[in-house]
1. Filter region 229-250 for residues that are buried (at least 22 other Cβ atoms within 10 Å of the Cβ), in a helix (DSSP H, G or I) and among the small types (Gly, Ala, Ser) and give the result.
2. State whether the residues of region 211-223 include one that is in contact with a His (Cβ under 6 Å, 6 or more places away or on another chain) and modelled with pLDDT of 90 or more.
3. Of all the residues that make up region 251-292, how many are under 19 Å from Lys220 (Cβ atoms), assigned to a loop (DSSP other than H, G, I, E, B), at pLDDT below 80 and not hydrophobic (A, V, I, L, M, F, W, C)?
4. Working only within region 295-341, note down all residues that are modelled with pLDDT of 90 or more, in contact with a helix residue (DSSP H, G or I) (Cβ under 8 Å, 6 or more places away or on another chain) and aliphatic (A, V, I, L, M).
5. Residues being exposed (fewer than 15 other Cβ atoms within 10 Å of the Cβ) and under 16 Å from the mean Cα position of the chain (by Cα): count how many of those fall in region 164-180.
6. Take Gly161 and decide whether it is surrounded by 16 or more Cβ atoms within 10 Å (Cβ to Cβ) and on the phi > 0 side of the Ramachandran plot.
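The values are calculated or read from the model by the stated rules, or taken from the named source; none is laboratory data. Please read these numbers as outputs of a predicted model, since none were measured by experiment. Virtual Cβ from ideal backbone geometry, glycine too; neighbours counted across all protein chains shown.
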Amino acid sequence: MEKILFIAHTEQDGTLPAAARETLAAALDLVNKISGSTLTVGLIGQDIKAAADSIATCGATSFLAVSGADFATSRYSSDAAAVEALAKKAEATIVLAPTTSRFSRAIPGAVQRLKGRIETHISGMDVVDGTIQVQRWYYRQRMVATQTRVQRPWFLLIDGGVFPAWNGTAAAANVEAVTIQSGADFSRTTVLGVQSASENSQTIRPDADILFVAGAGWNKKQSDGQLHTQEAESLILGFLANSNSSLGSTKSLVDQSHEGEAVLSFMSHLNQVGQTGSTPRHQKGLATCCHGEEPHAVGWRFINERRAINLDANCGWAQGKADVLYIADSFKVMQKVNQLLAEK
């Protein structure tokens, strides 16, 4: 029998992130497949009542929480102590948590204290003959491994977009508080505040339905023999604003900043998709001015519907890597698209 613990932290407004609801769905699926297993919910945050009530009907046998001002924001010392305390209180053998920057930093330390094991970036999970098997991609998402462990507790960090988010009705949750004695290490690190990009300059939106990927062609000479970098910036930012899409980039476009060429001012290595960049998970993807880059195609492995705009019908991207290929000028297409979106 497995004692499964689902752990999540609250957002600044006290709600649960979308990735947490997806991980909760994974935990419930695991409980249904393992006979005799139980599910406990563990929450971390300043005020967890709203978060607990929002998932009160998920079917968990108990709700635990570590709350207070010390746990309002991300900090390794307090988060690691909270995870450790929740796992001990629940006597957990399997712990599931979303892959967030906060947990990716703190949970490995808690695993060491509990003498457990951890797998990160889980992209699939199943139970075969009573044994939990998890999947994880390796070598830049070119190889997938299926693995299991016998040592407990076993921590699993679930990637976003793998499971559908749990979406049930809210109710009043009966939450048991888990008390942690604040030590000197809690006050050694002080969170002064959060600096984030303004809404107009925000280009990375993991929860967006559409991923717009810009290739190196945007900064190349166009049909008139001239560069149109400023126009490219206007078209791309216009589409992101009108469609609320997330922005991706090929490695070749990011590398241009080191080669002395004109670059898009808002583009950075954080936008890179594939080849040591991110592996995004969006419902739809639109690639523009991309020229059949295999690492870029690998980075798009988990996009459900992939479309591309390119002037070359024989480019590598057109050979089975896109579901739909538009043979057209990206500048002209995006001008028309932005016009149509603005009219809505």
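1. Hit for region 229-250 is Ala232, nothing else.
2. Restricting attention to region 211-223, the residues satisfying the condition of being in contact with a His (Cβ under 6 Å, 6 or more places away or on another chain) are 211, 222.
Now restrict to residues that are modelled with pLDDT of 90 or more: 211.
Yes, that holds for at least one residue.
3. The total comes to 5.
4. Met334, Val337, Leu341
5. 1
6. Values: surrounded by 16 or more Cβ atoms within 10 Å (Cβ to Cβ): yes; on the phi > 0 side of the Ramachandran plot: yes.
When the stated conditions are applied, Gly161 passes them.
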